[in-house]
Structures are given as C-alpha cells and as structure tokens.
1. Report, by residue number, each residue of region 99-109 that is away from the ligand (no atom under 14 Å from the Cβ) and within 19 Å of Asn417 (Cα to Cα).
2. Please determine, by comparing only the residues of region 384-398 that are surrounded by fewer than 23 Cβ atoms within 10 Å (Cβ to Cβ) and not small (Gly, Ala, Ser), which one is farthest from Met327 (Cα to Cα).
3. Here are the criteria: (1) within 16 Å of the ligand (Cβ to nearest atom); (2) without any contact (Cβ under 8 Å) to a residue 24 or more places away in the chain. Tell me which single one Gly331 does not satisfy.
4. Quick one: Gly184 ticks every box in (1) more than 16 Å from the ligand (Cβ to nearest atom); (2) of a type outside the set (S, T, N, Q); (3) touching a helix residue (DSSP H, G or I) at 6+ places or on another chain (Cβ under 8 Å); (4) part of a helix (DSSP H, G or I) except a single one, so which number is it?
5. Taking region 168-193 on its own, how many of its residues are of a type in the set (S, T, N, Q) and over 20 Å from Asp333 (Cα atoms)?
6. Working only within region 280-311, note down all residues that are away from the ligand (no atom under 16 Å from the Cβ) and either among the polar types (S, T, N, Q) or at pLDDT below 95 (or both).
7. Taking Glu374 as the residue in question, decide whether it is at pLDDT 95 or above, surrounded by fewer than 24 Cβ atoms within 10 Å (Cβ to Cβ) and in contact with a helix residue (DSSP H, G or I) (Cβ under 6 Å, 6 or more places away or on another chain).
Amino acid sequence: MTVTITRTQRRFVLPESELPTHYYNIAADLPVPQPPPLHPATREPIGPEALAPLFPMELIRQEVSAERLIEIPEEVREAYRIYRPTPLQRAIGLERALDTPARIYFKNESVSPAGSHKPNTAIAQAYYNRAEGVTRLVTETGAGQWGSALAFAGAMFGIETKVFMVRVSYEQKPYRRSFIESFGATVVPSPSDQTNAGRAILAADPDSTGSLGIAISEAVEEAATRDDTKYALGSVLNHVLLHQTVIGQEAIAQMGMAGEEPDVVIGCAGGGSNFAGLAFPFLADRLAGTRQTRFLAVEPASCPSLTQGEYRYDFGDTAGTTPLLKMHTLGNDFVPAPIHAGGLRYHGMAPMVSHLVDQGFVEAKAYPQTACFEAAVQFARTEGLIAAPESSHAIRAAIDEALAAREAGEERVILFNLSGHGFFDMAAYDAYLGGGLADGQA
Ligand SMILES: Cc1ncc(COP(=O)(O)O)c(C=O)c1O
C-alpha cells in the first residue's frame with residue numbers, strides 16, 4: 001500500500017528583523033477625504049485643542065495626519081518584539097473539512113500577551129503618553145481584551161491604569177478581571193457610581209448590563225475632570241486604526257512568502273480596529289486601482305451598525321460628551337443585547353471604516369451568534385485554536401466564502417484576522433455546547 005502525504009506549508013513566520021518600521025496611514029491615499037469630527041455645539045470641525053484634555057499631542061497629530069507613513073519609535077518596536085511579527089497560518093484542516101478549492105489563511109493575533117490585537121495600539125498609546133509626562137490612564141473595556149492590553153502596556157511603561165469594564169463582561173468573565181489586575185490595573189464594573197454618567201444610568205436602570213458607550217462616557221468623564229489623567233481608546237479613532245496596520249503590513253509580506261494574494265480580506269468589526277489593521281495596507285492597492293481585492297467587515301446581527309445603522313454624525317459615547325463623528329450608528333443610546341462577543345457591542349463604527357463602506361470599498365455582513373459559535377467549534381476541531389467570540393464572526397464569514405467558492409467551483413484565496421483567543425470565554429462555549437445559547441442573549 002502506498003501512502004501519499006501532501007506536504008503543504010502551514011505557518012509563515014517572519015523574522016524579528018521584518019517587524020514594520022512605520023505605520024500606514026490610509027488617509028493619505030483616500031480619493032475622497034474622510035468627513036471631519038465636529039464640535040457638538042457649533043457643528044464646526046474641531047481643532048486639536050478640543051482633544052487636548054483627553055490625549056497627548058502626538059496622538060492628536062496622528063489622528064488628523066495625512067502623512068502616508070509614520071515612523072514607529074524604537075521603544076515601541078522593542079515592546080512589539082515580545083510577540084511580533086505574529087504568524088500567518090494556512091487553515092488546511094478547515095479547508096479539507098469544507099472540501100473547498102478555496103485556500104484559507106489567517107493572521108494569528110491571539111499570540112500577544114493580552115490574547116488579541118489590542119496591544120498593538122496599547123503599547124503605542126502608553127509610550128506616547130509617557131513621552132509627554134502622563135502618569136495615569138483611564139479606559140473602558142468590553143470583552144476585557146482592551147483592558148488587558150492597556151494594563152499590560154501600562155505596566156511596561158510605568159503608567160497607572162484604571163479600567164471601566166462593561167458590567168455584563170465583568171460578571172461573565174471574572175478571570176479576565178483577575179488577568180487585568182495581575183498587570184497592576186484597577187477594574188471597576190460599568191455603569192458605576194464613580195461618575196455622573198454612571199450614576200445617571202444606574203438611576204434610570206439599576207440593573208443595567210452596561211455597554212461600551214456607557215463605559216466610554218465614564219472613562220472620558222474621569223479623564224476630563226482630572227489633571228493627572230488622560231484617556232485611552234481601544235478602537236474607533238484614526239490613531240488606533242493606524243497602530244493596527246502592523247498586522248496588514250506583516251500579512252502582505254507573509255502572503256508573499258506563501259506565493260499568494262488574497263481575493264477577499266475579512267475581519268470582525270466592533271469599533272473597526274482589527275479589521276482596519278489587516279485590511280488597510282491591502283486596501284492601498286485597491287484605492288490605487290491596481291487590484292480588485294474584496295474587503296469584508298463582519299458584525300453581530302444584534303449590533304448591526306454597518307448593515308442596519310444610519311451613516312450620520314453621532315456621539316461616540318452614550319452620555320454625549322465626545323465630538324460628533326460621522327459613522328454608521330445605531331444611535332448613541334442603543335444598548336445591544338448581552339451577547340458573548342462583548343467587544344462587538346458598540347453602537348457606532350470607526351469613521352474611517354464607515355467612510356470606506358460608504359465609498360464602496362468595503363462590504364459588510366452581519367451574523368447571529370449561534371452561527372458564529374458553530375464556525376468557531378469547527379475551526380477549533382480542525383485547526384486546534386479556540387477563537388474569541390468576536391473573532392468567530394470572521395471565521396463564519398471565511399467559511400461561507402469557502403463554501404461559496406465550492407459551489408461556484410472556483411479557487412479563492414481567503415484571508416481573515418484571528419483577532420484573539422477565547423480562553424476567557426469558555427462560559428460562552430459552554431453555553432453553546434450545552435445547547436443553551438440563543439441568538440441575541442448571553
Ligand atoms: C478579540 C477581539 N476582536 C475584536 C474586537 C473588536 O474590536 P475592533 O473592531 O476594534 O477590532 C475586540 C474588542 O474588544 C476583541 O477583543
């Protein structure tokens with residue numbers, strides 16, 4: 001009997017020396033500029049001074065920059081080297097299980113200290129804050145991934161960190177809280193009684209499960225009212241998306257190692273940062289008209305800002321304290337059902353991602369959570385990785401692309417972002433495996 005072994009490369013690993021040296025700023029390549037943030041009272045574009053109480057000047061400069069490449073400071077690159085470059089992997093087991101002619105690749109951001117892509121910007125934000133003498137940062141977290149990332153980065157750069165954690169996640173994931181605290185940060189469930197915004201929500205609904213919009217209001221309020229404290233945001237804003245572009249730049253090099261170019265690039269989208277991080281460097285060619293790559297942002301059906309929201313100016317938070325951002329929004333008072341993908345429960349979307357959807361460069365799709373867990377379990381059994389519930393949305397879309405390729409009898413190269421692991425989300429898997437998980441609930 002002869003045994004035929006197909007040898008196919010599974011992992012594409014870059015040496016440390018290939019870590020990107022610059023962030024890629026897509027604003028420089030847009031055919032139509034992104035609508036600017038507005039002052040809520042005057043409805044005039046805001047100047048840098050409006051953001052100065054919240055962010056250090058370098059991050060404000062990056063927020064409005066039109067410079068195509070922004071150099072990554074050496075100290076930031078040194079911290080990245082703890083886990084970067086991250087591997088690109090080919091999902092051969094999944095391809096076989098789907099019996100598809102498609103080739104599926106994923107960028108594995110779950111290997112970072114926090115377990116997701118979030119440290120890519122947390123490290124940069126901690127660095128730029130410390131460089132301007134900031135000693136204390138406050139933030140919000142949904143799933144806990146962002147809070148973990150900022151706590152880790154705060155520990156690295158000697159910054160005290162406080163995290164308002166959306167109450168439903170605080171209760172669903174007690175070990176995520178311990179994880180954040182292990183890095184020395186303080187965690188407070190939101191809504192809390194520590195801010196005006198939190199107290200107002202609790203007065204109206206003492207059992208509020210919270211939302212990212214509410215937690216942002218609490219963190220922004222604390223930063224704006226304390227001289228020693230600045231605010232850090234884990235998604236949505238341009239400078240955050242910018243820092244994430246290390247993902248896509250590495251992926252371009254790694255797809256080159258595999259001898260492939262993606263036909264479709266997929267990411268889940270909560271505030272839009274991991275999707276943007278993978279997609280934007282590839283989008284440069286699409287914007288230049290040299291490639292026809294498709295880009296797909298995937299969101300939960302119970303928080304469908306891109307697929308069902310309106311594209312208009314809205315506040316980034318619930319209390320209405322931020323500048324007005326032009327984005328796809330479900331309304332800043334929208335409180336999504338407490339689904340397990342806590343990081344995708346945001347009423348709005350990154351203005352830059354919204355703009356690219358509006359301009360027809362990016363497609364969007366929404367899935368209910370049970371369909372995503374089904375995909376995540378198939379991925380676990382074929383690739384050996386437990387995905388974060390957020391990332392399972394990208395896996396679902398990648399599987400559906402591969403099945404569509406099978407139906408059409410065509411080859412298709414699919415690239416998705418595995419934005420994080422689900423090691424702190426076993427209660428969610430437990431609910432799914434036990435048959436007790438419905439769409440639109442915890
Ligand atoms: C693993 C993971 N993926 C995705 C997201 C969604 O955020 P974004 O759309 O900014 O990538 C989060 C947010 O917490 C997350 O933890």
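The values are calculated or read from the model by the stated rules, or taken from the named source; none is laboratory data. Since the model is a prediction, treat every value here as computed from it, not as a measurement. Please note: Cβ atoms are built from the backbone with ideal geometry, for glycine as well, and neighbour counts cover all protein chains shown.
1. Passing the criteria: Ala102, Arg103, Ile104, Tyr105.
2. Leu385
3. (1)
4. Exception for Gly184: condition (4).
5. Matching residues across region 168-193 total 4.
6. Correct list: Thr290, Gln292, Thr293, Gln308.
7. Here the answer is no, as Glu374 does not meet what is asked.
Matching residues to (1) of a type in the set (Asp, Glu); (2) under 30 Å from Ala376 (Cβ atoms); (3) assigned to a loop (DSSP other than H, G, I, E, B); (4) out of contact with any Leu (no Cβ under 9 Å at 6 or more places or on another chain):
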| residue | (1), (2), (3), (4) |
| --- | --- |
| Ala27 | no, no, no, no |
| Pro33 | no, no, yes, yes |
| Ala41 | no, no, yes, yes |
| Ala50 | no, no, no, yes |
| Pro53 | no, no, yes, yes |
| Glu58 | yes, no, no, yes |
| Ala79 | no, yes, no, yes |
| Tyr83 | no, yes, yes, yes |
| Ala97 | no, yes, no, yes |
